[in-house]
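Student: After the structure tokens below, expect a handful of questions from me.
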Amino acid sequence: MSGKLDHLSDLFKLQSDIDTKSLDFLMNALKKSNQDGFDYIEFKQAYNALTQLPMEPDLAMKSAFTTGGTMGLNKEGLLKSAEFYKQVIQREKAQFDVALKNQREQKIENRKSEQKNIQNQIDRNKDLVNKLQTEIEELQKQIDAVDKEIDAAVSKIEDSRYKFEHAFSEIITEINKDIELINQNI
């Protein structure tokens with residue numbers, strides 16, 4: 001029977017742009033859940049085969065149902081079977097929704113949280129850079145003040161040196177004159 005079920009997607013008139021991976025997943029769920037006996041799946045296969053003859057859809061449906069009837073199928077059983085497969089597909093959708101939610105949390109929400117943490121680190125680093133920049137500016141002001149103090153100290157020292165050397169020179173000159181006078185007069 002699995003040979004008949006290999007191409008379940010052929011039973012449904014689906015648009016050509018349907019994702020094959022999603023379709024295969026859903027068809028495998030139907031295949032795994034296939035009930036014994038002549039049910040909705042076998043009815044659908046018979047119906048599709050009859051519409052290929054060609055046969056009018058109404059007549060093909062009645063003929064497929066008649067064939068199923070020879071194997072114990074009745075309208076209530078057919079409808080219950082169709083509802084069963086519908087529920088199989090709906091369970092797969094619910095599981096897919098849960099998996100999708102988990103993927104969203106894992107791949108998007110967690111990444112958004114990581115992105116927020118990175119942005120917070122950038123903001124902290126910018127604050128640190130601003131604090132360091134302010135500190136650099138304050139230290140530069142201190143350097144400028146020290147430079148002025150150094151310049152003033154150099155100027156004062158140079159002034160003192162000049163004054164001292166001038167006084168020294170004057171005194172030495174006077175002493176030298178006195179020594180010369182002493183040597184000449186005494």
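Student: Only residues that are surrounded by 11 or more Cβ atoms within 10 Å (Cβ to Cβ) and in a loop (DSSP other than H, G, I, E, B): list them for region 52-70, please. Before you say what the answer is, go through the steps one by one.
Tutor: To start, the set of residues in region 52-70 that are surrounded by 11 or more Cβ atoms within 10 Å (Cβ to Cβ) comprises 55-57, 59-69.
Listed by number, the residues that qualify are M55, E56.
Student: Checking the conditions here, which among N48, N34 is closer than 23 Å to L79 by Cα, in a loop (DSSP other than H, G, I, E, B) and modelled with pLDDT of 85 or more?
Tutor: After applying the criteria, what remains is N34.
Student: E76: acidic (D, E), part of a helix (DSSP H, G or I) and surrounded by 10 or more Cβ atoms within 10 Å (Cβ to Cβ), yes or no? Can you show your working first?
Tutor: Details: acidic (D, E): yes; part of a helix (DSSP H, G or I): yes; surrounded by 10 or more Cβ atoms within 10 Å (Cβ to Cβ): no.
Against the criterion (acidic (D, E), part of a helix (DSSP H, G or I) and surrounded by 10 or more Cβ atoms within 10 Å (Cβ to Cβ)), E76 does not qualify.
The values are calculated or read from the model by the stated rules, or taken from the named source; none is laboratory data. All values reported here derive from a predicted model rather than from experimental measurement. Reconstructed Cβ throughout: ideal geometry from the backbone, glycine too, with neighbour counts over all protein chains shown.
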